[in-house]
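Here is the structure we will look at, set down as structure tokens.
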Amino acid sequence: MTGGGRLAGRVALITGAASGIGKATARRFLAEGARVAAADANGDGLAAEFGGCDGAIAVTGDVSQPADSARMAAATAEAFGSIDILVNCAGIARYTEFLELPLAEWQVVQDVNSTGTFLMAQAVARHMVTSHPEGRTRAIVNIASVEAHVVLASEGHPQVHYNASKGAVHMITRALAVELAPHGIRANSICPGVTETPLASYALSVCRFFDQITLPLAAFRHNRSPMVPSV
């Protein structure tokens with residue numbers, strides 16, 4: 001429910017909002033007074049979480065498709081008048097080991113995680129630049145991963161395609177921060193550690209995989225997604 005809070009009156013488009021970090025972020029933004037466009041490819045999941053929720057709309061689409069990205073940004077601007085914040089949370093993981101990794105699996109991870117981040121940022125930034133109330137700050141927040149910096153790959157947790165995609169998200173963000181600065185748009189990435197979400201359920205469900213993926217982290221913190229926006 002919208003109301004007073006640190007984000008009162010702000011408009012946010014949050015992708016990956018049907019589950020995990022995206023869902024927790026969308027709910028926290030609403031609690032902080034923002035009006036939220038919750039976006040995801042899972043329309044049923046969005047309806048279950050945000051259907052009839054005051055201050056929120058659900059927009060279904062695939063972030064890896066240019067037409068869908070543009071449509072979700074346009075729907076947000078049409079519903080709320082402008083877009084102040086984009087949070088790119090949409091992401092996927094796959095677990096085929098490198099020597100058997102097919103190009104199609106590599107590509108779908110890049111399409112959603114890195115290309116999706118690019119497409120959504122571009123679609124939203126175009127609205128931010130051309131139509132935005134004077135004096136309102138604007139921000140793009142991309143959810144990368146600790147795996148943009150640290151390789152956690154081990155037996156049962158192969159991640160070459162995920163590592164590459166999240167490294168791309170981090171560098172896309174750095175480039176956007178420079179290119180969008182003249183327009184007054186900030187761009188930052190967040191690199192969560194291993195977080196208990198549906199995305200990580202495969203690795204976290206098997207004890208030996210859990211131990212292996214946490215060893216490379218010098219200061220490991222096991223996050224539960226409902227708490228992530230509070231950290």
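The values are calculated or read from the model by the stated rules, or taken from the named source; none is laboratory data. What you are looking at is a predicted structure, and each value in this text was computed from that prediction instead of being measured. Here the Cβ positions follow ideal geometry from the backbone for every residue, glycine too, while neighbour counts run over all protein chains shown.
Could you tell me whether segment 36-45 includes any residue that is more than 16 Å from the chain's Cα centre (by Cα) and part of a strand (DSSP E or B)?
no
Can you give me the ranges of the helices (runs of 4 or more DSSP H) entirely in segment 62-151 with at least 1 residues that are buried (at least 20 other Cβ atoms within 10 Å of the Cβ), at pLDDT 95 or above and in contact with a strand residue (DSSP E or B) (Cβ under 9 Å, 6 or more places away or on another chain)?
Because the criterion is at least 1 residues that are buried (at least 20 other Cβ atoms within 10 Å of the Cβ), at pLDDT 95 or above and in contact with a strand residue (DSSP E or B) (Cβ under 9 Å, 6 or more places away or on another chain), the helices (runs of 4 or more DSSP H) in segment 62-151 that meet it are 66-80, 116-130.
Anything in segment 6-29 that is in contact with a strand residue (DSSP E or B) (Cβ under 7 Å, 6 or more places away or on another chain) and within 16 Å of I83 (Cβ to Cβ)? List them, or say none. Don't jump to the end; show me each part of the working.
Narrowing segment 6-29 to residues in contact with a strand residue (DSSP E or B) (Cβ under 7 Å, 6 or more places away or on another chain): 10-18, 21-22, 25-26, 29.
Result: R10, V11, A12, L13, I14, T15, A17, T25, A26, F29.
If you take the residues of segment 20-35 that are among the hydrophobic types (A, V, I, L, M, F, W, C) and part of a helix (DSSP H, G or I), which of them is surrounded by the fewest Cβ atoms within 10 Å (Cβ to Cβ)?
A31
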